[in-house]
Structures are given as C-alpha cells and as structure tokens.
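Reviewing the structure listed below.
Every number here is computed from the coordinates shown, using simple stated rules; none is lab data. As the structure is a computational prediction, the values presented were derived from the model and not from experiment. Please note: Cβ atoms are built from the backbone with ideal geometry, for glycine as well, and neighbour counts cover all protein chains shown.
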Amino acid sequence: MNQLIAFLANSQSNFINLTRISIVIVMVWIGGLKVYQYEADGIVAFVANSPVMSFFYGKKAPEYQEYKNPEGKTVQKNIDWHQENRTYIFAYGLGTVIVIIGLLTFLGIWYDKIGLIGGLLTFGMSLVTLSFLITTPEVYVPNLGGDFPTPQFGFPYLSGAGRLVLKDVIMLAAGLMCASDSAKRILAKGK
C-alpha cells in the first residue's frame, strides 16, 4: 500500500500530462465530428439559444425545432434549412477551433507557454458550453404530461443533452489544472 501511495505522490506531473492527452483525444474526436451532418445538426439547439453564439446562425430560435434530423437520417428539406441557417459552415469553424484548442493543450507537455494558452482556452470553452445549462431548454427533461405522482421534468432533471453538457465541469477543471501546471513551469524557468 505504501508503494502505491508513493507512486501516486510522485506521479502528479505524469498524470497532468495524461490529462493533456485526454483533452486532446476528446477535442480532436468531438471537433473532428463537426464536419458530419448529424453532429452539426446536433448542436443547433445549443448555438441557436446561446446569446454568445446565436448570431452565427441565419435563423432564430426556436425555428430549428421544426427541422431536426434524427441521428443517422437525412431529410432533404431539413438539410436545406440547415444550409440556409449556416449550420454546417458554423460547425466546420467550431470543429476547427475545438481541435486547435485540444492540440494547444496537448503541446503543453513540451511547450509551457502554448500549454498555458491551451489550458486557458479549454477552461473558457468549457464556460461557454456550461452556459448552455442556462440557455438551452433541451438540456432538461420536458414535461410530457405523465401521470406519475411527482412529475420528473425541468430542473434538475437533465436530458441526454444536459448530461452531455454537465460533463464539461470536468473539462473546465482539467483546463485550469493544465494551465496551472504550465504557469508553474514558466515561473520555475524564470528563477
């Protein structure tokens, strides 16, 4: 047991690098998926309802609700609407930004200043994502009119979309941890 405790105590810098690797995997994978129609369609509710991002779209919320494509299915009238809305072009740009942030954070393994920027951008991106818990109605279970004695809808009952967003609390902390490690290394080199 003492060996395990000693190993864990002496491995923090390795675990921070593992966090950087984890961030780049998530960011490259999620960002890379933004080039696909189903993923671009899937972020519309978040972007359309966000006061920080909605201006990127051509259409206003809640019009998008009439043009949802189920995952794995393409309805041409919905795709046409999304093209007019700039859904796909925005998703390409957002995906590129996400991949770049992940790579900057990952490069913090070798480059302290780049890692500091990447960690802070990861933190900032997570703040924007977490704001969707306030701005996006789809993050909570809707009232479907069930007869259950205690209806379980609205806050705090997270839908699948809400559970996905809430996980960014971890990304927020991981970004700060990586930024902090980079800042510590920058200061150590300055002494």
Segment 61-78, residues that are surrounded by fewer than 17 Cβ atoms within 10 Å (Cβ to Cβ) and over 23 Å from the mean Cα position of the chain (by Cα): GLU63, GLU66, LYS73, THR74, VAL75, GLN76, LYS77
Flagged in segment 84-107 as under 18 Å from GLY42 (Cβ atoms) and either outside any helix (DSSP H, G or I) or touching a residue at least 60 places away in the same chain (Cβ under 8 Å) (or both), in numbering order, are ARG86, LEU94, GLY95, THR96, VAL97, ILE98, VAL99
Go through (1) farther than 21 Å from GLY160 by Cβ; (2) in contact (Cβ under 8 Å) with a residue 12 or more places away in the chain; (3) assigned to a loop (DSSP other than H, G, I, E, B) one by one and return the number of the condition TRP110 breaks. (2)
Could you tell me whether GLY119 is part of a helix (DSSP H, G or I) and surrounded by fewer than 17 Cβ atoms within 10 Å (Cβ to Cβ)? no
If we only count helices (runs of 4 or more DSSP H) wholly inside segment 1-83, which ones have 1 or more residues that are over 30 Å from TRP110 (Cβ atoms)? 2-9, 37-42, 44-49
Residues satisfying the stated conditions in segment 1-60, i.e. out of contact with any Leu (no Cβ under 7 Å at 6 or more places or on another chain), surrounded by 13 or more Cβ atoms within 10 Å (Cβ to Cβ) and among the charged types (D, E, K, R): ARG20, ASP41, LYS59
Take GLY145 and decide whether it is touching a strand residue (DSSP E or B) at 6+ places or on another chain (Cβ under 9 Å), part of a loop (DSSP other than H, G, I, E, B) and either without any contact (Cβ under 8 Å) to a residue 60 or more places away in the chain or not polar (S, T, N, Q) (or both). no
